[in-house]
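The structure appears below as structure tokens.
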Amino acid sequence: MTQSPRHFVDLWKLEAADLRAILDDARARKAARDGWPMGRPDADKPAEHRTLAMIFEKHSTRTRFSFDAAMRQLGGSVIISNASDMQLGRGEPIEDTARVLSRMVDAIMVRANIHEDLERLAMNAAVPVINGLSDKGHPCQLMADLLTIEEHCGPVAGKTLAWVGDGNNMCASFIHAAPKLGYRLNIASPAVYHPDLVDLARAAEQQGMVATTHDPREAVAGAHAVITDTWVSMGDTDHDERLEALEPYQVDEELMELADPRAIFLHCLPAHRGEEVTDEVIDGPQSVVWDEAENRIHAQKSILAWCFGIDLTHPPVGREI
Ligand code: CP
Ligand code: NVA
């Protein structure tokens, strides 16, 4: 019997041990290539002879470049297309696209407008499918964020993370992983842009430590990491309403002062200075956003290796990476 592919689409469906192994592998793999040129492949080349297809329905800088760089470092290659340039953009069924690409590449990464489309692709693909952002989550960014938090603050289990602002796709991924990795997540958002209630209920069922409030000061109190994102995500059409409702949720120096004195600031980028975050915070000493952006490569390499079936359980033991 053929095994079903290892999809990386919905964090809440994945095993905690796999997420932990991906983070540990990413950290070890990053350390092993310290000082190397970006294009030099890792010693073990776990993606040698493998090709990743990347399909974009929305804009991207970090996801596009980091997946391409990641596959090069893993010894593999990529094929990139905007969905609008494919027959998909003229109405070819997602199911047929999944079947065809499964005969041509070893994995498919998709940045999708509608999460259900990603699920349909995964259902019909014979190769792993990776969520490169949808309206319901951004799991690859989440793994890069956790890698960054662990680099700066130590193990994330038991730490308090504060999400301030829109209860959007990025916030959803923080909720999805909370029960798996044992951090406390305080979310401050306005009622009108609150996090997904199904996500919150699922996290509660899985004993996730997730709390919500409308007060950013309450969410941030004593937090080890303060995290925000744009107030207007790709696909959002209510720009002016969002800016008005989210204005009290700006992360500024005064808010950061309520967090733990060693707290770090994260933002998946692109940032809108003067809206969700001030210049002083994003360009200040507590900001780790450039490490966070770089860590997209390192986290995704280990996500890809996991999708390709590489055993990550004891990353540095017994094999050179
Ligand atoms: N953070 C992130 O996913 O960035 P891009 O939209 O540039 O890919
Ligand atoms: N929430 C943002 C993240 C961008 C990387 C969006 O979906 O546009």
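Miscellaneous remarks
- Taken over the range 18-45, the criterion of being loosely packed, with under 15 Cβ neighbours inside 10 Å and touching a helix residue (DSSP H, G or I) at 6+ places or on another chain (Cβ under 7 Å) is satisfied by 38, 39.
- Residues of the range 4-34 classified as of a type in the set (Lys, Arg) and in a loop (DSSP other than H, G, I, E, B), total: 2
- Those residues of the range 147-165 which are open to solvent by 10 Å² or more (accessible area, probe 1.4 Å) and in contact with a Leu (Cβ under 7 Å, 6 or more places away or on another chain), in sequence order: 150, 157
- Any hit, the range 63-73, residues being within 16 Å of ligand 2 (Cβ to nearest atom), closer than 20 Å to residue 106 by Cα and touching a Leu at 6+ places or on another chain (Cβ under 9 Å): yes
- Residue count for the range 200-232, restricted to those that are open to solvent by 10 Å² or more (accessible area, probe 1.4 Å), of a type in the set (Gly, Ala, Ser) and touching a helix residue (DSSP H, G or I) at 6+ places or on another chain (Cβ under 7 Å): 1.
- Tally, over the range 259-270, of residues that are part of a loop (DSSP other than H, G, I, E, B), crowded, with 18+ Cβ neighbours inside 10 Å and aliphatic (A, V, I, L, M): 2
- Any hit, the range 97-110, residues being under 20 Å from residue 13 (Cα atoms) and within 16 Å of ligand 2 (Cβ to nearest atom): yes
- Neighbours by Cβ (under 6 Å, 6+ apart or cross-chain): first from the range 280-297, modelled with pLDDT under 95 and open to solvent by less than 80 Å² (accessible area, probe 1.4 Å); second part of a helix (DSSP H, G or I) and hydroxyl-bearing (Ser, Thr, Tyr): none
- Qualifying residue in the range 133-153 (condition: more than 16 Å from the chain's Cα centre (by Cα), part of a loop (DSSP other than H, G, I, E, B) and not aromatic (Phe, Trp, Tyr)): no
- Applying the condition of being in a helix (DSSP H, G or I) and open to solvent by 40 Å² or more (accessible area, probe 1.4 Å) to the range 62-87 and asking which residue is farthest from residue 300 (Cα to Cα) yields 87.
- Beta carbons closer than 8 Å, at least 6 apart along the sequence or on distinct chains, pair a first residue in the range 259-272 that is away from ligand 2 (no atom under 16 Å from the Cβ) with a second that is of a type in the set (Val, Ile, Thr) and assigned to a loop (DSSP other than H, G, I, E, B) for 264/288; 265/288.
- Among the residues making up the range 88-106, those that are over 23 Å from residue 59 (Cα atoms), charged (D, E, K, R) and part of a loop (DSSP other than H, G, I, E, B) are 103, 106.
- Taken over the range 147-192, the residue count meeting the criterion of being of a type in the set (Ser, Thr, Tyr) and closer than 22 Å to residue 271 by Cβ is 3.
- Selection within the range 168-192 - over 24 Å from residue 15 (Cβ atoms) and either touching a residue at least 40 places away in the same chain (Cβ under 8 Å) or within 16 Å of ligand 1 (Cβ to nearest atom) (or both): 168, 188, 189, 190, 192
- Scan the range 235-258 for residues that are away from ligand 2 (no atom under 16 Å from the Cβ), under 24 Å from the mean Cα position of the chain (by Cα) and crowded, with 21+ Cβ neighbours inside 10 Å and the total you get is 1.
The values are calculated or read from the model by the stated rules, or taken from the named source; none is laboratory data. On a predicted model such as this, the values are computed, not experimentally measured, just so you know. In this analysis, Cβ positions are derived from the backbone assuming ideal geometry, glycine residues included, and neighbour counts consider all displayed protein chains. Side chains included, ligands, DNA and RNA excluded: accessible areas come from the protein's heavy atoms. Shrake-Rupley method; radii C 1.70, N 1.55, O 1.52, S 1.80 Å.
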